1. Scan the stretch 8-60 for residues that are modelled with pLDDT of 95 or more, within 16 Å of residue 83 (Cα to Cα) and among the aliphatic types (A, V, I, L, M) and jot them down.
2. With (1) charged (D, E, K, R); (2) loosely packed, with under 15 Cβ neighbours inside 10 Å; (3) farther than 17 Å from residue 216 by Cβ; (4) without any contact (Cβ under 8 Å) to a residue 24 or more places away in the chain as the list, and residue 24 as the residue in question, which single condition is left unmet?
3. Considering only the stretch 1-55, state which residues are in a helix (DSSP H, G or I), aliphatic (A, V, I, L, M) and touching a Ser or Thr at 6+ places or on another chain (Cβ under 8 Å).
4. For the stretch 201-222, name all the residues that are surrounded by 21 or more Cβ atoms within 10 Å (Cβ to Cβ) and in contact with a Leu (Cβ under 7 Å, 6 or more places away or on another chain).
5. Report the residue count in the stretch 91-117 for those that are in a loop (DSSP other than H, G, I, E, B) and modelled with pLDDT of 90 or more.
6. Could you tell me which residue of the stretch 56-80 is farthest from residue 101 (Cα to Cα), considering only residues that are hydrophobic (A, V, I, L, M, F, W, C) and either touching a strand residue (DSSP E or B) at 6+ places or on another chain (Cβ under 6 Å) or assigned to a loop (DSSP other than H, G, I, E, B) (or both)?
Amino acid sequence: MKLYAYARVSTERQSLKRQIDNIKSANDGAYTGALFFSDKFTGSTLDRPEWNRLYKRLNHGDTVVFDSVSRLSRDAESGAALYEELYGKGINLIFLNEPHCNTDCYRQAAAANIPPTGNEIADIYIAATNKVLMLLARKQIAIAFEQAEKERLDICKRVKDGMRSAKEKAAEQGIEKKYGLATGTKLTTKKSVAAKEIIMKHSKDFNGTLNDPEVIKLAGISRNSFYKYKSQLKAGL
């Protein structure tokens, strides 16, 4: 069982120091001996160099410490799916700013299952109570990642507002500013088309028989690309 820590910022000009210091000083220095991995990469994708290195090393019983849920992912769907995947593999996740999202809390909810009594009526209520406990645990996790995604979208909006303001100011001065692709331009690759066909045919979300990890492996794409394509396909339907 190994102890790891992961820190992430979105751009090269940002510093990782605060997150690393927070992790090392937390819990009376219990995590100072952790093996640290860090990325300067957007949280909207899980396909990040150092995270990929760490992900491949993880085994049952290992622990990963994060400063916040948003350091793992800022995409609600893929973040929650990754959380449940790691939980299922027996990986311990610790989030200093959101301790209610630690996998220990999730496991405690599962352990709180009340055993059946043999009484038919009582057991109906017990089964319902156990189901509610697990639903509440999952909901807490989902809310945390949804908040992380909202923060990312708010940042994107502020950037776009700033670009629009700069463009308007430049126009007033007779200067033309252009950003990004022309309006309406879409980037489509043969790989994305092929991957989407596989997702549509085999994913349980579209009446197929394979779960998410199985479709990802079959399509030969990253987890982030899979969830992006799946969202696009759902929007199209």
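The values are calculated or read from the model by the stated rules, or taken from the named source; none is laboratory data. Everything numeric here is computed off the predicted structure, so don't read it as measured data. Every residue, glycine among them, receives a Cβ derived from its backbone with ideal geometry; neighbour counts consider all protein chains shown.
1. 54, 58
2. (2)
3. Of everything in the stretch 1-55, just one residue is in a helix (DSSP H, G or I), aliphatic (A, V, I, L, M) and touching a Ser or Thr at 6+ places or on another chain (Cβ under 8 Å), namely 20.
4. 203, the sole residue that qualifies.
5. Within the stretch 91-117, the subset in a loop (DSSP other than H, G, I, E, B) is 91, 96-98, 102, 112-117.
From what is left, the residues that are modelled with pLDDT of 90 or more are 91, 96.
Number satisfying all stated conditions: 2.
6. So the first thing to find is which residues in the stretch 56-80 are hydrophobic (A, V, I, L, M, F, W, C), and the list is 58, 64-66, 69, 72, 76, 80.
Checking which are either touching a strand residue (DSSP E or B) at 6+ places or on another chain (Cβ under 6 Å) or assigned to a loop (DSSP other than H, G, I, E, B) (or both) leaves us with 58, 64-66, 69, 72.
Values: 58: 19, 64: 13, 65: 12, 66: 11, 69: 8, 72: 12 Å.
Of everything passing the filter in the stretch 56-80, 58 is farthest from residue 101 (Cα to Cα).
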